[in-house]
Structure formats: C-alpha cells, structure tokens
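The values are calculated or read from the model by the stated rules, or taken from the named source; none is laboratory data. Owing to the predicted nature of the structure, the values given are computational and were not obtained by experimental measurement. Here the Cβ is made from the backbone with ideal geometry for all residues, glycine too, and neighbour counts use every protein chain on show. With ligands, DNA and RNA removed, areas are computed over all heavy atoms of the protein, side chains included. Shrake-Rupley method; radii C 1.70, N 1.55, O 1.52, S 1.80 Å.
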Amino acid sequence: MSKGHILKIVNIVFPAIGIGLMVFYDACTTGCSSLQGTFMGLKLKVIGIIFMVFLLVLSLPPGGRNADFVRRLRIIFLAGALGGEAVLVRFQAVQDVYCYFCLAFGLCILILSVANFTKVDRYWALGGLLSGIAAFAIFFEGSVLPLYR
Amino acid sequence: MGLKKALALCMFFMVLASLAAAGRGWTEERKQSFPSYGSGPVEVRLYTDYFCPPCRAMEPDVEKILQDLVKKNAIRLLLVDTPIHRYSPLYSRYFLYAIRQNNALEHILRIRNILIEASRNKEMTTQERIEALFRERGIAYSVWDPKPVFDRYNALITEDMIKATPSCVVIRNGQKKTFIGGAEILNALKDLT
C-alpha cells in the first residue's frame with residue numbers, strides 16, 4: 001500500500017473517530033464532569049463535529065487540479081485546530097479537570113496533523129497554528145463549576 | 001407617665017413583636033423549602049444531578065444509609081441538585097416546588113426517585129410534562145421563586161469547588177473531605193454509620 005493510500009485512510013478514519021467521540025461526549029461512567037466550553041458562543045462539541053465533517057469532505061473528492069489547494073487548506077485548518085487544542089488542554093490543566101473525550105479528540109487532530117504535514121507548507125502550518133492559538137485565546141470561554149443562572 | 005408616652009411605648013412594642021414573628025415565620029418558611037435534614041454534628045453535602053448515570057446508579061444504596069444516619073441524628077444532610085445537564089435546573093425547580101408542600105426525608109426521596117426515573121424519558125423536558133407526572137403520581141407542589149435556594153446552591157458549589165457529580169462533602173470536627181464517584185461516596189457514608 002502506497003503512502004498516499006495510507007494518508008487517504010488516515011484522513012477518513014480519524015475524522016470519523018473524532019465525530020464519534022463528540023457524539024458520545026455526553027456519556028459518563030464513574031462521574032459526570034461539568035467541564036464545558038464555547039467558541040464564539042458555539043458549543044465546542046458542535047464546532048468539533050463541524051470541523052471533522054469538513055475534513056471528511058476535503059478527503060472525499062478526487063484531487064485533480066485542486067489537490068495542492070485542498071492539501072494546503074487541510075494543513076492550515078489542522079494546524080489551527082492544533083493551536084486551539086493547545087489552549088483547551090492548558091485550560092484543563094489549569095483547572096485540574098480533564099475531559100477524556102476531548103483529549104482523545106485532540107489526539108486525533110495531532111495524528112492527522114503529523115500525517116498531513118509537509119515541509120513545503122511549513123509556513124502555512126505555522127500561520128494556522130498561531131491563528132488557532134490566538135482565536136481560542138480570545139474567543140474560547142470555559143466553565144468548570146456547574147452554577148444556576 | 002403621660003398617656004401619649006404610654007401609647008407610643010405600647011405601639012413600639014407591638015411593632016417589635018410583629019417584626020420578630022414575621023422574621024421567625026420567614027426563617028421557618030426558608031428552612032421548609034431547603035433540602036436540609038437532621039441536626040447531627042457531621043455535615044454531609046451530597047451533590048447529584050438527575051441526568052447523571054452514576055448518580056442514578058448509587059441512589060438506592062445511598063438513600064438507605066442517609067435515612068439511617070438522619071434517623072440516628074448523626075448527620076445534617078444537605079441535598080444539592082447540581083445543574084450539569086441542560087434540563088437539570090427545570091427538574092431542580094420542580095423538586096423545590098414539591099418540597100415546599102412536604103419536606104419530610106422519606107417524601108423527598110420519593111420525589112427524587114420519580115424525577116430520576118423521569119430523566120430517562122427524553123420527552124420529559126417541559127414544565128407541563130413534569131406537572132402532569134406530579135399529578136399522575138399524586139405529588140403536591142406549589143409554585144414559588146426558588147432563586148434564593150439556587151443562590152445558596154451556587155454558594156455551596158463554589159465553596160466546595162464541585163466539578164463533577166456525584167460528589168459528597170463531609171465536614172467533621174471542622175475538617176472537610178470531598179468524595180467523588182458512587183463507590184467512594186458509599187464508603188465514606190458507611191464510615192459514618
């Protein structure tokens with residue numbers, strides 16, 4: 001199996017796993033955590049599903065003339081998501097509350113990022129990463145204590 | 001003493017007495033509407049959510065121990081509904097409506113069980129449906145503004161830094177310990193018996 005084929009499989013399987021993780025996010029076994037977050041007012045769960053669906057769509061059509069553009073777009077978005085995940089993991093570490101579904105989702109993004117990274121697009125990736133960190137630092141709102149409003 | 005002075009003094013004491021009576025009534029009314037039971041030396045704060053599967057799972061075992069501890073007056077129990085799920089505040093509101101009518105421990109545990117059972121039904125998400133359920137089960141309730149109780153819940157959740165349910169805070173001899181998860185809570189409560 002060629003490297004391209006493996007990458008195609010990775011680009012389909014991991015977004016699917018990510019969607020599954022977000023769908024089953026509400027399930028709790030030993031305790032139900034109140035860890036919640038929004039990005040620009042939207043629940044992270046929704047953002048996560050939309051993002052992974054977007055990645056799936058990018059991997060479905062045949063490359064053709066747009067292959068370079070699609071690859072670059074994927075790298076920029078993955079780097080942005082990685083930057084966002086860095087902010088989210090930091091929030092969990094500071095609050096000392098961990099969401100295992102979210103961490104597994106972050107791992108999917110990390111694997112996708114490493115698999116898709118190319119040296120040619122390193123500056124695009126760096127730009128995406130910094131943009132992701134900045135966007136989540138500004139627009140992410142997290143809450144840990146479940147309070148009546 | 002002049003008649004005017006005597007009359008003024010009389011009026012002053014009447015006002016004072018009525019204020020004291022009103023204050024006592026208000027305090028009792030508040031006590032009646034807050035899920036607090038027993039007056040033992042150990043304070044137990046139990047944080048649960050109707051929609052949390054581990055909370056549901058531990059409820060039958062925890063209930064028996066809590067009833068026993070309250071009966072022995074070993075604890076002062078505070079039940080704090082924790083709003084983790086989007087419909088938890090609605091359920092909590094109706095729980096408080098119901099305990100306004102009858103705040104006996106056996107009765108409120110029955111209401112908790114009814115609400116826990118209802119939370120499994122995905123359509124039980126409106127006040128009309130919960131009211132219909134209460135009517136069907138013969139649960140009396142009265143509508144009132146539970147904001148003071150919600151504020152007290154918030155203060156407790158913030159003070160105890162509750163980040164997950166089920167959680168239980170035990171305050172004994174001025175020392176506070178937090179237990180998370182059904183198994184841990186059950187063991188902690190068994191230690192108090």
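Compute the distance in nm between two label points, each set 7 Å from the Cα along the Cα-to-Cβ direction, one at B:Arg86 and one at A:Ile12. Placing both labels 7 Å beyond Cα along the Cβ direction yields 3.3 nm.
Within the straight-line cut-off of under 20 Å between alpha carbons, the aspartates and glutamates reachable from B:Lys71 are B:Glu43, B:Glu59, B:Asp61, B:Glu63, B:Glu106, B:Asp191, sequence neighbours fewer than 8 places apart in one chain being disregarded.
With a 1.4 angstrom probe, the accessible area lost at the A-B interface totals about 1400 Å². Among the trypsin sites (Lys or Arg not before Pro) in the range B:60-143, those located in a DSSP loop and surrounded by at most 14 other Cβ atoms within 10 Å of their own Cβ are B:Lys72, B:Arg86, B:Arg120, B:Lys122. With one equal scatterer per alpha carbon and no solvent term, the Debye-computed log10 I(q)/I(0) for chain B at 0.08, 0.11, 0.12, 0.18 1/Å reads -0.32, -0.54, -0.62, -1.26.
Overall shape: oblate for the range A:103-149, with the ratio a/c of the largest to smallest alpha carbon gyration tensor axis at 1.5 or above and b/c at least equal to a/b. Over all other residues within a Cβ to Cβ distance under 13 Å of B:Val70, the charged ones net out to 0, with Lys and Arg as +1 and Asp and Glu as -1. Among the listed pairs B:Lys64/B:Lys177; A:Lys8/A:Lys119; B:Lys64/B:Lys122; B:Lys72/B:Lys176; A:Lys3/A:Lys45, those whose Cα-Cα separation exceeds 23 Å are B:Lys64/B:Lys122; A:Lys3/A:Lys45. Would you tell me the accessible area of B:Phe13, worked out with a 1.4 angstrom probe on the heavy atoms of the protein chains, in Å² to the nearest 10? Spelled out: B:Phe13, probe radius 1.4 Å, area about 120 Å².
With contributions of -39500 (n - 2.57) from each DSSP H run of at least four residues, the per-residue ellipticity at 222 nm computed over the protein assembly as shown stands at -21000 deg cm²/dmol. For helix B:3-33, what angle does its Cα long axis make with the longest principal axis of chain B, in degrees from 0 to 90 and rounded to 10? Relative to chain B, helix B:3-33 is tipped by roughly 10 degrees. Using protein chains only (no ligands, no nucleic acids) and a 1.4 Å probe, work out which residues of the range A:122-147 have their accessible area cut by at least 20 Å² relative to the chain alone. SASA drop of 20 Å² or more in the range A:122-147: A:Leu145, A:Pro146, A:Leu147. B:Glu159 exposes around 100 Å² of accessible area when a 1.4 Å probe is run over every protein chain in place. Take each residue of peptide B:52-58, count the partner chain Cβ atoms within 10 Å of its Cβ, and average: the result is 3. Counts of other chain beta carbons within 10 angstrom of each beta carbon in peptide B:160-173 average 3.
A Förster radius of 30 Å combined with the Cβ-Cβ distance from B:Asn73 to B:Ala183 puts the calculated FRET efficiency at roughly 0.70. The mean number of partner chain beta-carbon atoms within 10 angstrom of a residue's beta-carbon across peptide B:83-89 is 3.
Expressed as a whole percent, the accessible surface of the range B:37-191 that belongs to carbon and sulfur atoms is 48, based on a 1.4 Å probe.
Charged side chains reduced to their Cβ positions (Lys and Arg at +1, Asp and Glu at -1) give the range B:37-191 a dipole of some 140 debye around its Cα centre. Working note: Cα gyration tensor of the protein assembly as shown, eigenvalues times five, square-rooted, sorted largest first, giving semi-axes of 53, 23, 19 Å.
Helix B:105-119 sits at what angle to the longest principal axis of chain B, using alpha carbons and giving 0 to 90 degrees rounded to 10? On a 0 to 90 degree scale, this one is about 50. Our summary gives the range B:126-193 a relative contact order of 16 percent, counting only alpha carbon pairs under 8 angstrom and 6 or more residues apart. Based on C-alpha pairs under 8 angstrom that are at least 6 apart in sequence, chain B has a relative contact order of 29 percent. Against chain A, whose longest principal axis is taken from its Cα atoms, helix A:122-139 shows a tilt of about 20°. Dipole orientation for the range B:37-191: of the candidates B:Ala164, B:Tyr47, B:Leu78, B:Leu78 has the Cα lying most toward the positive pole (charges on Cβ; Lys, Arg +1; Asp, Glu -1).
Once C-alpha pairs closer than 8 Å and six or more residues apart are averaged by separation and normalised to the residue number of the range A:2-149, the relative contact order reads 39 percent.
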